[in-house]
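Data block below; observations after.
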Amino acid sequence: MARYIVLLLLCFASLPVFASSPTVSPRIIGGVTSQNDELPWQVYLNISFTDGTYVCGGVLVAQDVVLTAAHCLQNGGLTANAADIKVWAGISSVFSASSRNALSVSRRTINNSYNASRFSNDIAVLRLAAPAPDSAKPILIANQDQIGRANTEFQTSYTQGGNNPANLLVSGWGSTSVNGSSGSSDLQQTLLTGVPDNTCNNQWGSGVTSGEANIFVCAISPSPLVVRDSCFGDSGGPLVWQDPLRASDADFGLRLLGLVSFGDGCASSLPGVYTEVVSFTAWINTVTGNRLASVSTPKLSVNPFARDYSNAGTDIAVPSVDSVTGSDGGGGSLGIVVLLSLLGLAVRRALTLV
């Protein structure tokens, strides 16, 4: 059986090494620096545990509601309480984060179906004690029709190993190097391409059931010659798609599709895997008192898809292909869920802030 290395997309993290099992670690590579008001839905999180404070990303979906990855709120056997979490919204530099503009969390809710050994249902809701500042604006979550059209776009436009349309936006303050050795003080963003569910499943292996495949979105660099990906420190951050039918709207038709969840290292030959948010909208409304219903289309001043990304990721050496690459046939290989189940993860060890 091929030896696998799996990456949990966490904040500036490195995970324990298992003597005879794959190493597992949390996880923007090949990005450009965001303008001050370009991604007003992006939030910066500090989560405190007994052994230190860790970093993750998040996304504002109502003025007082933030989504992030469930795995960001767990550290081994510990789970962060609301008082352990600080949120900064409406900033693009970590140097703008201070105790004076930190937002407190009044309630945190981890999805009851979250499975830490498989990273399925990897989503959590943070209810803010006070609304985010006016400089922060929520992003609308893609509805079922939009996710259907996005999936059709990925299915009809994607060629494995070829040059593909850059139709997804990911952002965060995570590592900017393939080996995860450094992060960014300025918010970074880059464009990826959406990978069809069946192709993603085949590349990872054949173990994902159709039901669980529907709660994931997969994305990869639009070209094998361009190194782009989410990485250490980007966990819980947004994966955004532009609806071409709503591109003339005040928000340019930008819709939240996914949250950074896990992958195979940074910028490998396998797609990164994101939690598909639309599957959880009813649950989000339940735990927030239907807050999503009150969110109107935000007026944005910058369309991040219109930026020049032509050189993004061209100056990074393409990682060598290793043994983790799954075959299309999936014969003898392990699927995402099966592989992660076998690892029995007691994940993550992130960089402590000082």
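Restricting the search to the range 8-33, which residues are surrounded by fewer than 24 Cβ atoms within 10 Å (Cβ to Cβ) and modelled with pLDDT of 85 or more? Those that are surrounded by fewer than 24 Cβ atoms within 10 Å (Cβ to Cβ) and modelled with pLDDT of 85 or more: V32, T33.
Does S106 satisfy the criteria of being at pLDDT below 95 and either assigned to a helix (DSSP H, G or I) or under 23 Å from G52 (Cα atoms) (or both)?
Against the criterion (at pLDDT below 95 and either assigned to a helix (DSSP H, G or I) or under 23 Å from G52 (Cα atoms) (or both)), S106 does not qualify.
List the pairs whose first member sits in the range 31-42 and is farther than 13 Å from V170 by Cβ, whose second member is aromatic (F, W, Y) and surrounded by 24 or more Cβ atoms within 10 Å (Cβ to Cβ), and whose Cβ atoms are under 8 Å apart, counting only residues at least 6 apart or on separate chains? Taking only residues 6 or more apart or on different chains, not a single pair turns up. Cβ-Cβ contacts under 6 Å between residues 6 or more apart (or on different chains), taken from a first residue in the range 128-145 that is closer than 8 Å to G90 by Cβ to a second residue that is assigned to a loop (DSSP other than H, G, I, E, B) and not charged (D, E, K, R), are listed as A132/Q63; P133/G90; S135/G90; A136/P40; A136/G90. Screening N285 against (1) touching a strand residue (DSSP E or B) at 6+ places or on another chain (Cβ under 9 Å); (2) at pLDDT 95 or above leaves a single unmet condition, (1). Residues in the range 259-282 that are out of contact with any Cys (no Cβ under 9 Å at 6 or more places or on another chain), in a loop (DSSP other than H, G, I, E, B) and either crowded, with 24+ Cβ neighbours inside 10 Å or at pLDDT 95 or above (or both): D264 only.
Report whether or not F252 is out of contact with any Ser or Thr (no Cβ under 8 Å at 6 or more places or on another chain) and under 20 Å from G57 (Cα atoms). In short, no.
Just for the range 303-326: of the residues that are surrounded by fewer than 17 Cβ atoms within 10 Å (Cβ to Cβ) and at pLDDT 95 or above, which one is nearest to N179 (Cα to Cα)? In this case the residue turns out to be D308. Tell me yes or no: at least one residue of the range 258-267 is within 18 Å of G58 (Cβ to Cβ) and hydroxyl-bearing (S, T, Y). Taking every residue of the range 258-267 in turn, at least one turns out to be within 18 Å of G58 (Cβ to Cβ) and hydroxyl-bearing (S, T, Y).
The values are calculated or read from the model by the stated rules, or taken from the named source; none is laboratory data. In this text the structure is predicted, and so the values were computed from the model without any measurement. Virtual Cβ from ideal backbone geometry, glycine too; neighbours counted across all protein chains shown.
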